[in-house]
Amino acid sequence: MPVQAPFELEKLSNKEYILNMGPQHPSTHGVLRVVLKLEGELVKDVFPDVGYIHSGVEKLCENRTYPAIVPYLDRLDYLGAVNLEWAYVLAVEKLCGIQVPERAEYIRVILAELNRIMSHLLWYSAFGMDVGALTPIFYAFREREEIIALMEAATGGRLTHNALRIGGFRSDLPKDFLPGLGRFLSSFERKVDEYEALLIDNVILKARTKGVGALDPELAVSYGVTGPSLRGSGPAWDLRRTAPYSVYGKLDFRVPTSEGRDTWSRLKVRMDEMRESAKILRQAAGALPSGEVSAKTPRVLKPAPGEAYSRVESPRGEFGAWVVSDGSERPYRVKFRSPSFSNLSVLREIAVGCNIADIIAIMGSLDLVIPEIDR
Amino acid sequence: MLHLLEALLYNPGVPLAGLAAKARALWAARGLPSPVLDLVFQLAIAATVSGFITVNALFIIWFDRKISALMQLRKGPNRVGPFGLLQTLADTLKLLSKEDINPLRIDPLAFWLAPLLVFIPSFAVFLVIPFGNGLIAGDLNIGILYILAISGLSVIGILSAGWGSNNKYSLIGGLRSAAQMVSYEVPMMLAILPVVMLTGSMRMGAIVDAQAGYGWFAFMQPVAFVIFLIAGNAEVNRAPFDLPEAESELVAGFNTEYSAMKFSIFFLAEYTNLFLTSAIAASLFLGGWEGPLLPPVVWFFLKTYFVITLLCWARWTFPRIRVDQLMQFSWKYLLPIALLNLLVSAAAMKLL
Amino acid sequence: MNTSDILDDINKVPGASGAVGPDSVLDVLAPAKEVPGILTALKKSGFGHLSFVTAKDLPSENLIELVYRLFSYVSRIDASVRTRLDRGNPSAPSVSGIFRTAEWHERETAEMFGVEFSGHPCPGKLLLPDGVEAPLRKDFKHEKMTPLPVV
Amino acid sequence: MMGYISEIYYGIKSLSAGLGVTLKHCFRKPITLQYPEEKPALPLRARGRLVMPVDPATGANRCTACLLCAKACPNGSIKITKALGDDGKPKPRAAKYLYRSGNCMYCNLCVEACPFAAILMSEEYETATRDRESLNIDLAAENHQLKGSKLSWWLAKFKGEEPA
């Protein structure tokens, strides 16, 4: 028996009815079921039901060796895979006290920011389709394909890169990577402006998203919302700036925010974030030092007993990996704090009172990835 | 032989009438009742029109997909037949061979009649479409009124599809389309009124004749032309007004539960309606089959496909409108502007 | 409100002991019933963001250790409040009143470790289907669970 | 009243901007790849199916059945049985190298763990099969012949082309 929404058990007035949106629905971006109590088209109550794609990753990690866990991270959030690997690898490096060489840090920044742009481009096209515009996806995917080609040349994988290793990288960037990156960056900002003109500044879209799903900052922080969804409501909290890890402290970039608090401002924040990522990429590619790409790590990794938690600003928000070791070669307990988990929990607060089309727009603006929620 | 072909192309009314007269004489010589012959003529016309509709619908589906491919940096159908022309035929054959699923607890009458109720009105409107200077099935002298009346009927089909398929998403889709169709009939009518006032008659043939020699109503009534295009686009349930079958919200709107044959009829009806709206727009505002060099039939198709391209262009660019904004846009923006335009053109005609 | 004042307040609470752990994380060990009080105090002194609530199963000491991980955007330091529950029937007061995000985190910890959170607004399964109880405990057995083929 | 007019004006302006973008794209070449005819050009490190190529120098594969790759695989999709010499003592060769490609997640950890560079992720990505059994491949018996850039890269034991 699937989970019953609390309002499903109460008596409904004759004008209200229950609508199951999901788990198989074109715009829930994965296996997510949202139970809606509707009156005509107005939404009276929302109950997101998660867990359809729970694969018990944390239990799996308890009997895998430390390096063997990295590929599982890509499967959690296949759009921002490098960022997630980075969170886990940072935690293990903190545990073992490994110092990663400077060049590896800069390559990690380059791959992570490319990943962020990839993820935002896919979000942009998925949001376009949710709102009914079927063309933006083809333009955004043209750019995304260029990035994917770069990532595949460097890491071997298109989405599930499995690029990072504990201590740095297995092998350096290929020869034609930096020129390819330069070619991509040369025309990228112009394309982002074109995307904005096509969809974000479109008057129909503005009418569909302005004032829809207003999220006030205190409520957002209390619900643990992080990332662009939080920055759309004001606070400029970006882990790359508030708790800088790796070499982000040396890079200069702006944290885009907006005071609008509604769906449209979340869209605007993500579009600006793409521009900022391009800026970071230029600086990182320019300041890329030469030298080793991997620190010396023992063949069988047995970190000292203890625990470590490290946070990373993934495209969706704060992704954290809490690793507890008991001295053996397998972690004792692993917990992944995923941003979409908390971002979805705020849906009920901002979606009551709008209508069906808005629910789709709001969920699109929260940029949810379902395997990350269910883990 | 060339003379007959040239006459058939440029002035088809004359040879056809001659042919009919010869047939009638032959028929009368045999002493057979003449109403039977009229019936045969009507059936012949109906057969040619329905044949034309299916072929045309298949072509428009291919045309729409090619235009969307053009705008989306891809190639569009190019596998089946030359340039993918047979792709839609292959799709239709596939749809015909699929299993016709009737879900549980449907309202059988509503569920089965819905596709017909949607298709028959678009079939009936072909009576008054002026393909060429003689090629009009029945040149009723209430042409426009007939078109508006009949095209209003397809709402019943969509509503019964929404109600019949016993599915919440279809119900919402059906009710949305009822609201949309009703609220966009009014601006459409008000956009047509200036044209009728200018020509003084509702006969389609008269309207097209009034636009002879580049007196196209689109130049004289640009606002009415734009409003008619927008309202026509909404009548046909195409983006940015495709709320009844909004893929991303209502799974597939009113045709969620339909499969195989019934779904292909819905699909055929939608594209035939698209052709009709563009044909009416072309005849009313762009001078129908009036044109300098080319034969009238070719002009008619050129203008109609130009309007279809406009509608496809809008479809592949704009996001979807929300339901309450749909209503707002119609009653708060289209209607006042259409009324204003009506008054201004009436005053202008009075003065000039 | 730097860390030393916070530590003094926490050490005043009966049974709680706070210290600055490795890489300057404020580590607090407290009995279960003091946790809501400590969390409210921490929230007031700037720790506005509750990253996660989870647990750790220690079968050898017959304990389940709950972990509340906080972060202060203002002073940019971490705090981790830990509390130890008896493994037989672990129970702790719910903090979803203080941090709304704890509602889902506690539901997940409840179904993964069998911890009962008193005062939770809508307890119930979040991720797991019916019939699976506390899978993240070390002694969890399930007939469909085939061990990894050991080389 | 003025708000009404300016609203219509901005509406038309932004709609026409959108139309302009789509129109502009009408005149650009399609970028799609016609898959069966045009195959994508994969970069060197692209990870296709695992293979154990035959070393042209020695005419046999380089595997010594040291089981390091099987230990490194997170999904346990490699099962190796050692070859037994005629006198019953195990020889450093792999009699059977069972690779369950259905279970593999193409993470490349096995290739990195292998000290002898015996295995490698080839360029083959069309690995669909009609039955589940043919997903399990015995790489030792397959004697895969590598071609092109992957071959030279494998011969140099993944060295030589690295520094960017």
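Since every read-out is calculated from the coordinates, none of them should be taken as a lab result. Bear in mind that the values here come from a model prediction, so they are computed numbers and not experimental data. Glycine gets a Cβ as well: all are built from the backbone with ideal geometry, and neighbour counts include every protein chain shown.
Compared with the dominant Cα axis of chain C, that is its longest principal axis, helix C:35-44 is turned about 50°. By the beta-carbon count within 10 Å of each Cβ, the least crowded to most crowded order of C:ARG137, B:ARG79, fewest first, is B:ARG79, C:ARG137. Look at the dipole of the protein assembly as shown built from charges on Cβ: of B:ALA269, B:LEU109, C:LEU66, the Cα furthest out on the positive end belongs to B:ALA269. Each residue of segment D:40-48 was assigned a 3J(HN,Hα) from its phi angle through the Karplus expression (A = 6.51, B = -1.76, C = 1.60, θ = phi - 60°), giving x, 8, 8, x, 4, 8, 4, 9, x Hz with x at Gly and Pro. As a proxy for reagent exposure, C:LYS144, D:LYS13, B:LYS303, D:LYS89 were ordered by neighbouring Cβ count within 10 angstrom, fewest first; the result is C:LYS144, D:LYS89, D:LYS13, B:LYS303. Evaluated with a Cβ-only charge set (Lys, Arg +1; Asp, Glu -1), segment A:6-49 carries a dipole of roughly 40 debye about its Cα centre, given to the nearest 20.
For A:THR226, the residues 5 or more places off, or on other chains, whose built amide H falls under 5 Å of its own are A:GLU318, A:ASN343. Hey, what number do you get for chain B at 222 nm if only DSSP H runs of n ≥ 4 count, each worth -39500 (n - 2.57), divided across all residues, to the nearest 500? -22500 deg cm²/dmol, from helical runs alone. Shape class for the protein assembly as shown, computed from the alpha carbon gyration tensor (a ≥ b ≥ c): prolate, with a/c not under 1.5 and a/b above b/c. Legend: distances between Cα atoms for B:LYS303/D:LYS13; B:LYS168/B:LYS262; A:LYS268/B:LYS168; D:LYS71/D:LYS96; A:LYS11/B:LYS168; pairs beyond 24 Å are B:LYS303/D:LYS13; A:LYS268/B:LYS168. Across segment A:354-371, rounded Karplus estimates of 3J(HN,Hα) from the backbone phi angles (6.51 cos²θ - 1.76 cosθ + 1.60, θ = phi - 60°) give 9, 10, 4, 4, 6, 4, 5, 5, 5, 4, x, 6, 7, 6, 8, 10, 6, x Hz, Gly and Pro being marked x. Of the DSSP H helices in chain B, those with a Cα length along their own long axis of 30 Å or more and a mean Kyte-Doolittle hydropathy reaching -1.0 comprise B:34-71, B:168-199, B:260-285.
For segment D:65-153, which trypsin sites (Lys or Arg not before Pro) are both in a DSSP coil and crowded by at most 11 other Cβ atoms within 10 Å? Taking segment D:65-153 and a limit of 11 other Cβ atoms within 10 Å, the loop trypsin sites (Lys or Arg not before Pro) found are D:ARG130, D:LYS147. Backbone amide hydrogens, once placed in the peptide plane, bring B:GLY134 within less than 5 Å of B:GLY13, excluding anything fewer than 5 places away on its chain. Looking at chain A as a GNM with Cα springs under 10 Å, which of A:THR160, A:THR65, A:THR263 has the largest mean-square fluctuation? Highest fluctuation of the listed residues: A:THR65. Summing Cβ point charges (Lys, Arg +1; Asp, Glu -1) relative to the Cα centre of segment D:1-89 gives a dipole of roughly 160 debye. Take each residue in D:20-32, count the other chain C-beta atoms within 10 Å of its C-beta, and the mean is 6.
Sorted ascending by nearby beta carbons within 10 Å, beginning with the fewest, D:LEU84, A:LEU288, A:LEU36 become D:LEU84, A:LEU288, A:LEU36.
Rounded to the nearest 10 degrees, the inclination of helix A:136-155 to the longest alpha-carbon principal axis of chain A is 20 degrees. Compared with the dominant principal axis of the Cα atoms in chain A, helix A:81-96 is inclined by about 50°. Positive-end ranking of A:LEU12, A:LEU60, A:PHE47 along the dipole of segment A:7-94, with charges on Cβ about the Cα centre, is headed by A:LEU60.
Over all other residues within a Cβ to Cβ distance under 12 Å of A:ARG142, the charged ones net out to +1, with Lys and Arg as +1 and Asp and Glu as -1. With a 10 Å cut-off around each Cβ of C:100-111, the average count of Cβ atoms from other chains is 4. 3J(HN,Hα) along segment A:63-77: 10, 10, 6, 4, x, 6, 7, 3, x, 5, 4, 4, 6, 6, 10 Hz, from the Karplus curve 6.51 cos²θ - 1.76 cosθ + 1.60 with θ = phi - 60°, whole Hz, x for Gly and Pro.
Cα-based radius of gyration for chain A, normalised by 2.2 N^0.38 Å, reads 1.00. When you count the other C-beta atoms within 10 angstrom of each residue and take the mean per peptide, C:6-15, A:356-365 line up highest first as A:356-365, C:6-15. Given +1 at the Cβ of Lys and Arg, -1 at the Cβ of Asp and Glu and no other charges, the dipole of the protein assembly as shown around its Cα centre is 1720 debye to the nearest 20.
Beta bridges from DSSP with both residues in the protein assembly as shown: antiparallel share about 90 percent, rounded to the nearest 5. Amide H contacts of A:PHE169: A:SER294, A:ALA295, each under 5 Å away and 5 or more positions distant or on a separate chain (H built 1.01 Å from N in the peptide plane; Pro and chain starts excluded).
For the segment A:225-232, counting C-beta atoms of other chains within 10 Å of every residue's C-beta and taking the mean gives 1.
What does the charge add up to near B:LYS66, with Lys and Arg as +1, Asp and Glu as -1, over the other residues with Cβ less than 11 Å from its Cβ? For residues surrounding B:LYS66, the net value is +2.
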